[in-house]
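**Q** Below is the structure I would like to discuss, written out as structure tokens.
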Amino acid sequence: MGVLPGQRVVCADEPTAAVASGGSGFHALAERELPRLYRLARRLVGDDAEDAVQDALLKGYRAYASLDDEVAAPAWLTAILVNCCRDRGRAKGRRVEETELEDADEFSLYRKIAAEDPFPYSDSLHLDFLHQFGREDVRAVLAELPELYRLPLVLCYCEGYQVKEIAYLLEAPLGTMLARLHRGRKLFERTLWDYAERHGLLKENARR
């Protein structure tokens with residue numbers, strides 16, 4: 001990926017604040033960022049989160065001397081983690097099924113809920129549908145998506161990154177990233193509905 005945000009290439013004998021602070025500086029950074037990194041990794045690679053974070057921290061420690069701007073450290077460490085998660089996804093060799101995407105492009109969750117009317121006595125049908133999902137359910141749905149679409153969705157809607165930042169992190173043109181986010185949203189909607197069907201979340205609440 002080349003030089004990451006907040007990082008510059010330094011010679012071995014060039015003194016920097018990061019070198020002066022040594023491992024203690026990185027330890028403080030890692031301790032401060034660990035909860036956020038682990039949460040992000042859980043959304044990106046699920047059960048492999050702990051290993052991905054460990055990989056990222058090791059790579060970050062080795063490259064810490066090249067970090068010139070401490071303010072940029074969180075974004076710098078995030079970029080390393082995202083690359084580690086991508087490496088794990090490549091190692092598993094998950095591929096995107098084109099037929100799956102073609103179906104997803106035509107799917108509309110709003111229309112599907114209105115047509116199926118899963119809660120016939122509801123005055124707020126779409127909200128009642130969404131309220132069936134807890135955090136673990138959403139995480140499970142995200143885990144079903146191909147990495148190509150899961151990563152941009154998580155970075156955009158869970159972590160709050162701008163699209164141009166995501167394009168940089170994932171090494172893709174801005175237009176390509178916009179298209180992936182659009183398709184990813186469609187695929188997420190369809191997967192959300194399929195998940196609800198499989199887990200009985202479309203049944204009327206017993207209290208009604």
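**Q** Tell me, which residue of the range 11-39 that is modelled with pLDDT under 50 and of a type outside the set (Gly, Ala, Ser) is nearest to Arg62 (Cα to Cα)?
**A** Val19
Every residue, every condition in (1) assigned by TED's automatic domain parsing to the domain that holds Ala143; (2) of a type in the set (Phe, Trp, Tyr); (3) modelled with pLDDT under 90; (4) exposed (fewer than 15 other Cβ atoms within 10 Å of the Cβ), yes or no:
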{"position": "Ala41", "(1), (2), (3), (4)": "no, no, no, no"}
{"position": "Asp48", "(1), (2), (3), (4)": "no, no, no, no"}
{"position": "Val53", "(1), (2), (3), (4)": "no, no, no, no"}
{"position": "Leu58", "(1), (2), (3), (4)": "no, no, no, yes"}
{"position": "Asp69", "(1), (2), (3), (4)": "no, no, yes, yes"}
{"position": "Ala72", "(1), (2), (3), (4)": "no, no, yes, no"}
{"position": "Thr78", "(1), (2), (3), (4)": "no, no, no, no"}
{"position": "Arg88", "(1), (2), (3), (4)": "no, no, yes, no"}
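The values are calculated or read from the model by the stated rules, or taken from the named source; none is laboratory data. No experiment lies behind these values; they were computed from the predicted model shown. Because the Cβ atoms are built from the backbone with ideal geometry, glycine has one as well, and the counts that use them run over all protein chains shown.
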